[in-house]
């Protein structure tokens with residue numbers, strides 16, 4: 001076994017060791033993200049309120065493109081709803097496809113000021129985001145380690161090729177160099 005082979009083996013073992021040692025750090029990072037996202041979810045749950053909007057005007061027909069009609073997942077329609085304080089409000093809301101007929105109802109979310117907003121982040125979403133952050137971070141670390149190992153291996157391969165060429169030249173003698 002050549003010295004460069006031992007160095008390559010040592011680097012491979014070191015890369016695996018670093019990847020394994022990174023796991024607890026990644027778990028800590030994921031847990032911190034879950035805590036942060038859960039706090040954001042709790043704040044959104046306190047500040048957002050779901051109300052029911054009643055559609056006032058039909059949803060516009062989606063524009064047709066060629067032979068096939070586009071698939072609409074949602075529509076923007078004029079609707080009315082009551083604010084958390086009980087006062088009426090009218091405006092444009094986004095409703096699921098098929099709920100855009102006058103008189104149909106759709107849930108919408110409002111902030112504390114009565115402005116439309118998105119649904120609050122759920123605790124399940126917070127956990128999912130934390131797991132994804134941890135996993136992505138670990139995969140990035142593994143990618144960096146693999147890239148560093150690949151570069152080191154290329155350098156070692158080049159040195160082995162040079163040494164092999166030198167040894168071959170010594171074995172063949174000076175007349176083989178011409």
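The values are calculated or read from the model by the stated rules, or taken from the named source; none is laboratory data. None of these values were measured; they are calculated from a predicted model. As a convention, Cβ positions derive from the backbone with ideal geometry for all residues, glycine included, and neighbour counts pool all protein chains shown.
Being at pLDDT 90 or above, in contact with a helix residue (DSSP H, G or I) (Cβ under 7 Å, 6 or more places away or on another chain), under 30 Å from residue 141 (Cβ atoms) and surrounded by fewer than 16 Cβ atoms within 10 Å (Cβ to Cβ): is that true of residue 27 here? Reasoning before the result, please.
On the way: at pLDDT 90 or above: yes; in contact with a helix residue (DSSP H, G or I) (Cβ under 7 Å, 6 or more places away or on another chain): yes; under 30 Å from residue 141 (Cβ atoms): yes; surrounded by fewer than 16 Cβ atoms within 10 Å (Cβ to Cβ): yes.
Yes.
Picking from 152, 165, 146, which residue would you name as being in the same structural domain as residue 34 (by TED's automatic domain parsing), modelled with pLDDT of 85 or more and loosely packed, with under 11 Cβ neighbours inside 10 Å?
From the options 152, 165, 146, the qualifying one is 165.
Kindly indicate the residue of the stretch 32-47 that is touching a helix residue (DSSP H, G or I) at 6+ places or on another chain (Cβ under 9 Å) and surrounded by fewer than 13 Cβ atoms within 10 Å (Cβ to Cβ) and also nearest to residue 131 (Cα to Cα) among those meeting that condition.
Top of the filtered list is 35.
Of the residues 137, 90, only one is closer than 30 Å to residue 18 by Cβ and at pLDDT 90 or above; which?
Numbers: 90 fails: closer than 30 Å to residue 18 by Cβ.
Residue meeting the stated conditions: 137.
From the list 158, 123, pick out the single residue that is in contact with a helix residue (DSSP H, G or I) (Cβ under 6 Å, 6 or more places away or on another chain) and modelled with pLDDT under 95.
Of the residues listed, the single one that is in contact with a helix residue (DSSP H, G or I) (Cβ under 6 Å, 6 or more places away or on another chain) and modelled with pLDDT under 95 is 123.
Going by the structure shown, is residue 83 closer than 25 Å to residue 41 by Cα, touching a residue at least 24 places away in the same chain (Cβ under 8 Å) and either surrounded by 10 or more Cβ atoms within 10 Å (Cβ to Cβ) or outside the structural domain of residue 24 (by TED's automatic domain parsing) (or both)?
yes
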